[in-house]
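The values are calculated or read from the model by the stated rules, or taken from the named source; none is laboratory data. Predicted model only: the values in this text are computed from it and were never measured. For neighbour counting, all protein chains shown are included, and Cβ atoms are generated from backbone atoms with ideal geometry for every residue, glycine included. For the accessible areas, the whole protein counts, side chains as well, though only heavy atoms, and no ligand, DNA or RNA atoms are used. Shrake-Rupley method; radii C 1.70, N 1.55, O 1.52, S 1.80 Å.
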Amino acid sequence: MNFTGKTAISTGAASGMGLLFAQNFADLGGNVVMCDVNKEVLIEKVDEINKQGKGKAVGIVCDVRDYEQVCHARDMAVSEFGKIDIMANFAGGTAVRMQNVDREKYPEFPDVPIDVYDWGIDVNLKGPFYFAHAVLKEMREQKSGLIINIGSITGCEGDGYGMDYPTSKAGLMFGLTKSIAQFGSKYGIRCVCVSPGPVL
């Protein structure tokens, strides 16, 4: 495949699937805007991609929970590359793991501080919602675009402890993705959801 002249935004792009997407997209000639909260690692990964001399990478420090930062990332993508062809929402994770919750201290769901679950819902559901809202303004004008959401088998199976994650992923898989697809159809915009099994 050849993505020369195409531009993608990837969230959670300093590590994991977000980084792998960015690396492969650039390796195939595409331009990628890499968004992450970890500035130091983000800069390192952007530099590594650009040293390959294929597609171009730009790094933007962005907390997906902050709509102003999301809009800034969109605007930077358009300013740098002229358009947004793909929006890939990778940022996320189970809050109790990402926030290093002590299961001995907080053994069951009602014991976990609610701000832990707020973080999970904000990153895993509101983050993709915010980015969709922001980039669809541009994609509507282009009359083209693709939004990729990342689901999870947990969104179907549930989790009796890390409840933010299946709640968010179910909303993403069955609500947001289908709703964006319905809206986007008249503008040539597609929205898909990839739902893997466990990802380490």
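Quick notes on this one:
- Candidates per GluC sites (Glu not before Pro) in the stretch 90-190, loop by DSSP, up to 13 other Cβ within 10 Å: 104, 108
- Among the cysteines of the chain, those with no neighbouring cysteine Cβ under 4.7 Å are 71, 156, 191, 193.
- The stretch 1-79, dipole about Cα centre (Lys/Arg Cβ +1, Asp/Glu Cβ -1), debye to the nearest 20: 300 debye
- The chain: angle of helix 39-51 to the longest principal axis, Cα-based, in degrees nearest 10: 40 degrees
- Whole-percent carbon and sulfur share, accessible surface of the chain, 1.4 Å: 53 percent
- Against the chain, whose longest principal axis is taken from its Cα atoms, helix 127-142 shows a tilt of about 20°.
- Per-residue ellipticity at 222 nm computed for the chain from its helices equals -12500 deg cm²/dmol, with DSSP H segments shorter than 4 residues left out and the rest contributing -39,500 (n - 2.57).
- Within the chain, the proportion of Cα pairs with more than 32 Å between them is 15 percent.
- Once the 1.4 Å probe is applied to the protein heavy atoms, the stretch 46-194 comes out at 51 Å² accessible per residue.
- In a simple Cβ point-charge model (Lys, Arg +1; Asp, Glu -1; nothing else charged), the chain has a dipole of about 1000 debye relative to its Cα centre.
- Once both labels are positioned 7 Å from their Cα atoms along Cα-to-Cβ, the gap between residue 48 and residue 185 label points is 4.1 nm.
- The heavy atoms of residue 146 present about 30 square angstrom of accessible area, all protein chains included, probe 1.4 Å.
- Spacing of the two label points (7 Å from each Cα toward its C-beta) at residue 28 and residue 178, in nm: 2.8 nm
- Note on the stretch 104-200: Cα convex hull, mean projected area over all directions, 6.8 nm².
- Restraint check, 39/137; 45/186; 56/137; 54/178; 83/126; 51/143, Cα-Cα greater than 31 Å: 45/186; 54/178; 51/143
- Computed over the stretch 1-64, the quotient of the alpha carbon radius of gyration and 2.2 N^0.38 Å is 0.96.
- A Förster radius of 45 Å combined with the Cβ-Cβ distance from residue 100 to residue 75 puts the calculated FRET efficiency at roughly 0.85.
- Coupling constants for the stretch 80-85 follow from the phi torsions by the Karplus curve (6.51 cos²θ - 1.76 cosθ + 1.60, θ = phi - 60°), and in residue order they are 7, 10, x, 6, 10, 8 Hz; glycine and proline get x.
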